[in-house]
């Protein structure tokens with residue numbers, strides 16, 4: 001069974017960068033897939049990778065992450081201005097971030113209209129062991 | 001008005017002092033993109049010796065490698081001197097079992113995994129110290145990975161000039177257009193670091209990158 005945990009942006013909005021990253025990572029380390037409203041700041045994304053590396057053990061092998069963000073680049077003219085204005089109002093609240101433990105999530109692929117999340121097969125189950 | 005002149009003066013002084021000092025050119029990217037192969041190509045071409053070991057198993061480079069005083073020249077006789085920094089590949093996951101699958105013994109694989117995690121931490125820490133960065137991507141792989149986007153986003157936030165190298169264009173599966181469409185705001189050059197394809201064009205682009 002795969003468990004998803006939704007984290008609304010307001011839950012992390014006023015946290016410091018370190019607390020945000022730790023909060024997300026703690027959920028992932030409990031073998032849950034985080035679906036977070038909005039996105040982390042660029043520096044926080046790098047911090048997340050850095051802290052993940054510090055926590056790697058033979059049991060915790062890292063994370064898979066994907067950020068779904070409205071692509072401003074594909075708009076033109078007035079739509080671009082509108083998208084820029086919305087971006088200014090919403091900031092990092094726009095889009096969605098998916099983070100899963102590498103032991104469960106093999107890869108996350110983004111196609112224009114869908115997100116594909118590939119999970120790892122459970123070896124024990126496959127071999128018929130408990 | 002005073003602020004304007006102060007900023008202008010700061011920028012002028014910064015540019016003046018930056019030009020002469022040590023320029024650090026970093027090679028960044030995901031594991032097995034060919035950073036060390038490219039670093040070796042540059043060093044063999046201009047210094048006559050290699051700088052890093054390469055392997056088909058990911059995370060061969062697990063420490064920052066620096067080659068000081070690399071001096072390159074272009075057709076017009078312009079010269080460019082920089083310190084070349086070859087960094088460990090950045091990834092969000094390290095699984096020692098991946099190394100075991102490649103034929104490594106468990107103990108050695110675990111050691112490699114531990115060193116690889118440290119290498120990634122160092123590579124991220126070193127981002128701040130770079131003057132210019134060449135992102136080396138494997139052009140046979142999907143360029144839209146979050147790691148690539150995170151590295152480039154962090155460089156952009158730090159105002160560090162970026163050149164993207166789509167490596168391994170000698171391979172059938174290579175897709176240069178896909179890399180170009182993934183990062184339309186950056187110069188992208190397709191090369192084969194292993195066979196030296198387009199390498200002169202790459203050097204010309206370095207002159208534009210490191211001003």
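FYI, it's all coordinate maths here, none of it is from the lab. The model shown is predicted, which means the values in this text are computed figures rather than measured ones. Don't worry about glycine lacking a Cβ; one is built from the backbone with ideal geometry, like all the others, and counts go over all protein chains shown.
Just checking the output field for A:95-102: average partner chain Cβ neighbours within 10 Å of each residue's Cβ? Can you show the working numbers first?
Numbers: counts 0, 0, 1, 1, 2, 0, 1, 5.
Going residue by residue through A:95-102 and averaging, the value is 1.
Taking R0 as 45 Å, what FRET efficiency do you get between residue B:207 and residue A:30 from their Cβ-Cβ distance, rounded to the nearest 0.05?
Values: r = 51 Å, r/R0 = 1.12.
FRET efficiency, residue B:207 to residue A:30: 0.35.
Pulled fully out, how much extra length does the chain show between residue B:181 and residue B:142, if you take 0.36 nm times their separation in residues and subtract their Cα-Cα distance?
Working: separation 39, 0.36 × 39 = 14.04 nm, distance 1.14 nm.
That works out to 12.9 nm of additional length.
In nm, to one decimal, how far is the modelled label at residue B:71 from the one at residue B:108, with both set 7 Å along Cα→Cβ?
About 4.1 nm, to one decimal.
Going by C-beta contacts inside 10 Å, put B:63, A:116 in order with the fewest on the left.
Going from least to most buried by this count: A:116, B:63.
Determine, for A:17, B:132, B:53, B:145, the number of other Cβ atoms within 10 Å of each Cβ, and report the residues in order from fewest to most.
B:53, A:17, B:132, B:145
Measure off 7 Å from each Cα along the Cα-to-Cβ vector at residue B:81 and residue A:5, then give the distance between these two points in nanometres to one decimal.
The answer from the label model is 5.4 nm.
Of B:124, A:104, how do they rank once you tally other Cβ atoms within 10 Å and put the fewest first?
So the residues, fewest neighbours to most, are A:104, B:124.
Quantify how strongly other chains surround peptide A:54-63 by giving the mean number of their Cβ atoms within 10 Å of each of its Cβ atoms.
Across A:54-63, the average partner-chain Cβ count within 10 Å equals 5.
When only C-alpha pairs under 8 Å and at least 6 residues apart count, what is the relative contact order of region B:21-209, in percent?
Numbers: 350 pairs, mean separation 43.6, N = 189.
Reported as a whole number, the value is 23 percent.
Want the number for residue A:111 to residue A:96: 0.36 nm per residue separation, take away the alpha-carbon distance, what's left?
Net length gain for the segment: 4.0 nm.
Against the longest principal axis of chain B, how steep is helix B:2-20, in degrees 0 to 90 to the nearest 10, with axes from Cα atoms?
Here the helix axis deviates by roughly 60 degrees.
Label-point separation (nm) for residue B:194 and residue A:69, each offset 7 Å from Cα along Cα-to-Cβ?
3.3
Just order B:168-180, B:26-38 by mean Cβ neighbour count inside 10 Å, highest at the front, would you?
B:26-38, B:168-180
With angles folded into 0 to 90 degrees, how steeply does helix B:146-157 sit against the dominant principal axis of chain B? Use alpha carbons for both and round to 10.
Tilt relative to chain B: about 20 degrees.
Rounded, prolate or oblate: which one fits chain B, using the alpha carbon gyration tensor with axes a ≥ b ≥ c (rounded when a/c is under 1.5, else prolate when a/b beats b/c, else oblate)?
On the way: a/c = 1.69, a/b = 1.49, b/c = 1.14.
Prolate, because a/c is 1.5 or more and a/b exceeds b/c.
Evaluate peptide B:87-100: per residue, the Cβ atoms of other protein chains within 10 Å of its Cβ; return the mean as an integer. Could the numbers behind the result be given before it?
Values: counts 0, 0, 0, 4, 5, 12, 16, 6, 6, 4, 2, 1, 0, 0.
Taking all residues of B:87-100 together, the mean is 4.
Would you compute, from DSSP H runs of 4+ residues alone, the mean residue ellipticity of chain B at 222 nm, taking -39500 (n - 2.57) per run and dividing by the full residue count, rounded to the nearest 500?
After summing the helix terms and dividing by the residues of chain B, the value is -13500 deg cm²/dmol.
Highest mean first, how do A:96-103, A:41-48, B:183-190 rank when packing is the count of other Cβ atoms within 10 Å averaged over residues?
For the peptides A:96-103, A:41-48, B:183-190, the packing ranking is A:96-103, A:41-48, B:183-190.
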